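Here's the structure, in structure tokens; my notes come after.
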Amino acid sequence: MVESNQKYNMKEEIPYKGAKPMYMIEDMDNRELIKDIVIDTCKDLPIKKKK
């Protein structure tokens with residue numbers, strides 16, 4: 001999770017046995033919320049340095 005996602009209070013869940021924990025979006029019908037989460041996440045991801 002990136003820092004800006006903390007305001008969404010997403011719970012960490014394990015979706016199936018053997019999976020790594022993932023963050024659960026409770027309201028999958030709220031397109032505006034999903035859009036905001038994706039945009040905030042992309043803004044806060046580190047930029048990869050070229051080798």
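The values are calculated or read from the model by the stated rules, or taken from the named source; none is laboratory data. Being a predicted model, the structure only gives us computed values, none of them experimental. We place every Cβ from the backbone using ideal geometry, glycine too, and count neighbours over all the protein chains shown. Calculation scope for accessible area: heavy atoms of the full protein, side chains included, ligands and nucleic acids excluded. Shrake-Rupley method; radii C 1.70, N 1.55, O 1.52, S 1.80 Å.
Rounded, prolate or oblate: which fits the chain when a ≥ b ≥ c are the square roots of the eigenvalues of the alpha-carbon gyration tensor, with rounded for a/c under 1.5 and prolate only if a/b beats b/c? Note, shape of the chain comes out oblate.
Amide H to amide H, with H built 1.01 Å from N, residue 23 comes under 5 Å of 13, counting only residues 5 or more places away or on other chains. Electrostatic tally near residue 27: other residues with Cβ closer than 14 Å to its Cβ, Lys and Arg +1, Asp and Glu -1, net -1.
Its Cα centre serving as origin, the chain has a Cβ charge dipole (Lys and Arg +1, Asp and Glu -1) of approximately 620 debye. Only protein heavy atoms count here; under a 1.4 Å probe, residue 35 has an accessible surface of about 90 Å².
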